[in-house]
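K.L.:
Dropping the structure in here first, questions after.
Rule-based calculations on the coordinates, nothing more; no lab input. All of these numbers come straight from a predicted model, not from anything done at the bench. All Cβ positions, glycine included, derive from the backbone under ideal geometry; neighbour counts span all protein chains shown.
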Amino acid sequence: NNIACLFDLDGVLVDTAVYHYQAWKALANSLGFDFTKAQNEQLKGVNRMRSLQLILEWGGVQKTAEEQEALATVKNDNYVGMISKMTAAEVLPGSVELLEALRAAGIKIALGSASKNSGLILERTNLAHLFDAIVDGNHVTTSKPDPEVFIKGAELLDTDPSRCIVFEDAQAGVQAAIAGKMKVVGIGEPENLTGADVVVKDLSAITVEEIKALIN
Ligand code: G6P
Ligand code: MG
């Protein structure tokens, strides 16, 4: 009768969404164009190469596969430079408190992130010890909205998807949770989180009891 919680990382537990945006914007600007905040919403939860391809489409720029690899490396080097200086102060409000309360209630917790940099971020922000399982961009072959990352997390926690609750700040992530037949708590603004079972501004605004009540 166990339940499990699956947490996205960027924009849910830590404020890295702003660094992704800065690094992609710098790359686009270096290619001679820009993209909007609304377009940036579409990048959230989407893996690195797919994000680059969307940005190049928006700029009307064509690059070979080899050039795309090089551009993704430029963006990632810039981004890693930013996150390497992160501290626990950049953990979003309520994150540690909620993760600790879930653990105290015996509820298992996994990370479900598209990022290949999750290890560095969890280490820098001192969150790693709070997880029973980690699934990130190094363990999956598809990008959200495909549910693979969350299905793998549910498997590692030995919990049926119908008894899993996903926490997501991205529309692609909400879609992935729904495709995986899981419940989903949206983090942020309701207009960016269509289909979420509930939307809260951050993790300080939801309790273990409210989370449990989402199942059955
Ligand atoms: C998260 C972010 C995306 C990012 C993706 C891959 O899902 O929301 O903006 O593109 O991770 O991150 P990475 O660190 O591997 O480039
Ligand atoms: Mg996110």
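K.L.:
What distance in nm lies between label points placed 7 Å from Cα along the C-beta direction at Met82 and Ala128?
P.N.:
2.3 nm
K.L.:
Tabulate in residue order the Karplus-calculated ³J(HN,Hα) for segment 128-140, using 6.51 cos²θ - 1.76 cosθ + 1.60 with θ = phi - 60°, rounded to whole Hz; enter x for Gly and Pro.
P.N.:
Karplus values, whole Hz, x for Gly and Pro: 3, 5, 8, 9, 7, 8, 10, 10, 9, x, 7, 10, 10.
K.L.:
While we're looking at this one, here's another question. How would Lys63, Lys108 line up from fewest to most surrounding beta-carbon atoms within 10 angstrom?
P.N.:
Lowest to highest Cβ neighbour count: Lys63, Lys108.
K.L.:
Taking neighbour counts of Cβ atoms within 10 Å as a proxy for exposure, in what order, fewest first, do His129, His139 appear?
P.N.:
With the fewest neighbours first, His129, His139 line up as His129, His139.
K.L.:
Could you tell me how many cubic angstrom of Cα convex hull volume segment 1-82 has per residue?
P.N.:
Taking the convex hull of the Cα positions in segment 1-82, it is 114 Å³ per residue.
K.L.:
Output needed for segment 67-171: three equivalent-ellipsoid semi-axes, defined as square roots of 5 times the C-alpha gyration tensor eigenvalues, in descending order, whole Å.
P.N.:
25, 19, 10
K.L.:
In debye, nearest 20: dipole of the chain around its Cα centre with unit charges on the Cβ of K, R (+) and D, E (-)?
P.N.:
Taking the Cα centre of the chain as origin, the dipole is about 140 debye.
K.L.:
Given the Cα-Cα distance of Asn29 and Lys201 and 0.36 nm per residue of separation, how much length would full extension add, in nm?
P.N.:
Details: separation 172, 0.36 × 172 = 61.92 nm, distance 3.07 nm.
Here the answer is 58.9 nm.
K.L.:
Picking from Asn1, Thr87, Gln62, whose Cα lies most toward the positive end of the charge dipole for the chain (charges on Cβ: Lys, Arg +1; Asp, Glu -1)?
P.N.:
Going by the charge dipole, the pick is Gln62.
K.L.:
If you place +1 on the Cβ of every Lys and Arg and -1 on the Cβ of every Asp and Glu, how big does the dipole about the Cα centre of segment 20-126 come out, in debye to the nearest 20?
P.N.:
Values: 12 positive and 11 negative charges, 33 e Å.
That gives segment 20-126 a dipole magnitude of about 160 debye.
K.L.:
Roughly how many whole Å is it from the C-alpha centroid of segment 161-216 to that of segment 35-63?
P.N.:
24 Å
K.L.:
In debye to the nearest 20, how big a dipole does segment 33-93 give about its Cα centre with +1 on each Lys and Arg Cβ and -1 on each Asp and Glu Cβ? Kindly include the intermediate steps, with their values, before the conclusion.
P.N.:
Numbers: 7 positive and 8 negative charges, 38 e Å.
The calculation lands at about 180 debye.
K.L.:
Let me ask you something else. So how do 9-16, 195-202 stack up, highest first, on mean other-Cβ count within 10 Å?
P.N.:
9-16, 195-202
K.L.:
Calculate log10 I(q)/I(0) of segment 39-83 for q = 0.27, 0.31 Å⁻¹, where I(q) comes from the Debye formula with a single equal point scatterer on each Cα and nothing for solvent.
P.N.:
Log10 I(q)/I(0), no solvent term: -1.08, -1.19.
K.L.:
Just to confirm a number: summing +1 for Lys and Arg and -1 for Asp and Glu over residues other than Leu31 whose beta-carbon lies under 14 angstrom from that of Leu31, what do you get?
P.N.:
Surrounding charge for Leu31 is 0.
K.L.:
Okay, next question. Neighbouring Cβ atoms within 10 Å as the yardstick, rank Tyr79, Tyr21 fewest first. Let's see the in-between values first.
P.N.:
Values: Tyr79 22, Tyr21 17.
Ordered from fewest to most neighbouring Cβ atoms within 10 Å, Tyr79, Tyr21 come out as Tyr21, Tyr79.
K.L.:
Using θ = phi - 60° and the Karplus curve 6.51 cos²θ - 1.76 cosθ + 1.60, what whole-Hz ³J(HN,Hα) does each residue of segment 72-80 get, with Gly and Pro shown as x?
P.N.:
Result, ordered by residue: 5, 5, 4, 4, 5, 4, 4, 5, 5 Hz.
K.L.:
Just tell me which aspartates and glutamates come within less than 14 Å, Cα to Cα, of Lys212; anything on the same chain fewer than 8 places away is out.
P.N.:
Answer for Lys212, where 14 Å is the Cα cut-off: Asp197, listed by chain and number.
K.L.:
Here's a follow-up. Could you give each residue of segment 20-31 its phi-based ³J(HN,Hα) in whole Hz, using Karplus coefficients 6.51, -1.76, 1.60 with θ = phi - 60°, and x for Gly or Pro?
P.N.:
Values, residue by residue: 4, 4, 4, 6, 5, 5, 4, 5, 4, 4, 5, 8 Hz.
K.L.:
Less than 19 Å apart at the alpha-carbon level, and either on another chain or at least 8 residues along: which lysines does that give for Lys63?
P.N.:
Lys25, Lys75
K.L.:
What relative contact order, as a whole-number percentage, does the chain give when Cα pairs under 8 Å and 6 or more residues apart are counted?
P.N.:
Once normalised by length, the contact order is 26 percent.
K.L.:
Between Ser143, Cys164, Leu193, whose Cα lies farthest towards the positive end of the dipole of segment 138-216 when Lys and Arg beta carbons carry +1 and Asp and Glu beta carbons carry -1, centred on the Cα centre?
P.N.:
About the Cα centre, the residue reaching furthest to the positive side is Cys164.
K.L.:
Then there is this: Given the alpha-carbon gyration tensor of the chain, what are the semi-axes of its equivalent ellipsoid in whole angstrom, ordered largest first, with each equal to the square root of 5 times an eigenvalue?
P.N.:
Largest first, the chain gives 30, 18, 16 Å.
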